[in-house]
1. Go through region 159-193 and give me each residue that's in contact with a Gly (Cβ under 9 Å, 6 or more places away or on another chain), more than 14 Å from ILE203 (Cβ to Cβ) and β-branched (Val, Ile, Thr).
2. Might you let me know whether region 64-79 holds any residue that is under 19 Å from PHE326 (Cβ atoms) and of a type in the set (S, T, N, Q)?
3. Tell me, please, whether a residue that is touching a helix residue (DSSP H, G or I) at 6+ places or on another chain (Cβ under 7 Å), open to solvent by 60 Å² or more (accessible area, probe 1.4 Å) and part of a loop (DSSP other than H, G, I, E, B) can be found in region 350-361.
4. Please name all residue pairs, on different chains or six or more residues apart, with Cβ atoms under 7 Å, provided the first residue is in region 219-244 and is under 14 Å from HIS140 (Cβ atoms) and basic (Lys, Arg) and the second residue is in a loop (DSSP other than H, G, I, E, B) and open to solvent by less than 40 Å² (accessible area, probe 1.4 Å).
5. Identify the residue in region 19-57 that is in contact with a Lys or Arg (Cβ under 8 Å, 6 or more places away or on another chain) and not in a loop (DSSP other than H, G, I, E, B) and, among all such residues, is nearest to PRO350 (Cα to Cα).
6. Being more than 25 Å from ARG363 (Cβ to Cβ), among the small types (Gly, Ala, Ser) and open to solvent by less than 10 Å² (accessible area, probe 1.4 Å), is that true of even one residue in region 257-270?
7. Please find, within region 83-104, the residue that is most open to solvent (accessible area, probe 1.4 Å) out of those that are touching a Pro at 6+ places or on another chain (Cβ under 9 Å) and under 26 Å from ASP353 (Cα atoms).
8. Counting only residues that are aliphatic (A, V, I, L, M) and open to solvent by less than 60 Å² (accessible area, probe 1.4 Å), which one in region 138-156 is farthest from VAL26 (Cα to Cα)?
Amino acid sequence: MIIGGGVMGASAAFHLAEAGVSDIVVVERGDLACGSSGKPIGGVRAQFSDPLNIELGSRSLRAYLDFPHRPGADIRLDTVGYLFLLTTDRQAADFEAGVRTQNALDVPTRMITPDEARALCPYVDTDGLVAAAYSPTDGHARPGLVVRGYADAAARAGVTFATHTTVSGIDTAGDRVTAVHTGRGRIACSTVICAAGAWSGQIGDMVGIDLPVRPVRRQLAFTEPLSPPAPRIPFTIDFASSAYFHNSDDGLLFGLADPDQPDGFDTTWTPQWLDLFRNAVRRRAPELAGMKTVGGWAGLYEVTPDHNALIGRSGELGNFLYATGFSGHGFLQGPAVGEILRDLCLDREPFVDISPLSADRFRAGAEVRPEAHVV
């Protein structure tokens, strides 16, 4: 059984079904992609500071490029690149170190000058810019289309998707999960995968497993259609403020992480949030500050203490697996993590060592791996 019908759950279901696993049930409390997967910014990148995140992002990028053939769906992938705008020497030094790590893993990121950044994104004001980091193979896609593409292919292979079905409890015997209680009854299972996003902590509590995930609201907005049309630009991020923007249909998508946002499951969109974005971009991309918007949405980041995911197998319950806490990077790592969950279920060796992402790493004395390239 897979708990959660977002990108992780759908990807895991697809990869398991493709490998010949039968009797797979995906339980989702609402509609598919109704949680974090339905409302992310859609970015796909391998431009990270941690080598493990780079590998997860890079492998997923390749899968997204191949998505029209496997599983077979148009996900509106646009490889416009990611452009990080840097305003201090410290930022530039940190990103230069990241570029070296990325290049060693075959990711073609490079440092560029402020003028080169403006050539890529004409909205950018170079005043105060020290440098920029650009990865031409990154970009953005439509998360809802990804979830639907995986789910449709999985359903064709026999996977059951139980939407509008809540999980109320989990039975265990010894060191094994034996069944999951849902609003539609008890379901016996040989393996449980927790892919419940911001709600994963509640699932972990049902079996006494600590999954340290906290929900944090993130908001974004869309401009009205622009005339003349917006130029095709990279996914552009002012790293100091976290303000970001990219093309979306006939306009632009705006976003920014509010540093004062309290934890919680509230996903109400508040137009006043736009003031934070406009104040941030007045210096870095002033033309955007005056653009009219036509609404937006709010979703949840599932944040861990070090902004890295929780992926692995419970040490206490051998058939309880988890993939959660992606801290805003779940969509872009979804294909690779689906492969990993498949391999863990089938007792295969995953393509990369994910032991550093064990939920146990936060116990006293454990090493943590902070991710620097966080939006």
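1. THR163
2. no
3. yes
4. ARG232/VAL80
5. The qualifying residue nearest to PRO350 (Cα to Cα) is LEU52.
6. First, the residues of region 257-270 that are more than 25 Å from ARG363 (Cβ to Cβ): 257-262, 264-270.
Add one more test, that the residue is among the small types (Gly, Ala, Ser), and what stays is 257, 264.
Right, trim to open to solvent by less than 10 Å² (accessible area, probe 1.4 Å) and you get none.
No, region 257-270 contains no residue that is more than 25 Å from ARG363 (Cβ to Cβ), among the small types (Gly, Ala, Ser) and open to solvent by less than 10 Å² (accessible area, probe 1.4 Å).
7. Among them, the one singled out is ALA104.
8. Pass one, region 138-156, residues aliphatic (A, V, I, L, M): 141, 145-147, 151, 153-155.
If we keep only those that are open to solvent by less than 60 Å² (accessible area, probe 1.4 Å) as well, we get 141, 146-147, 151, 153-155.
Details: ALA141: 24, VAL146: 16, VAL147: 12, ALA151: 10, ALA153: 13, ALA154: 10, ALA155: 10 Å.
Of everything passing the filter in region 138-156, ALA141 is farthest from VAL26 (Cα to Cα).
The values are calculated or read from the model by the stated rules, or taken from the named source; none is laboratory data. Because the structure is predicted, anything quoted here is derived from the model rather than measured. For neighbour counting, all protein chains shown are included, and Cβ atoms are generated from backbone atoms with ideal geometry for every residue, glycine included. Please note that ligands, DNA and RNA were not included when accessible areas were found on the heavy atoms of the full protein model with its side chains. Shrake-Rupley method; radii C 1.70, N 1.55, O 1.52, S 1.80 Å.
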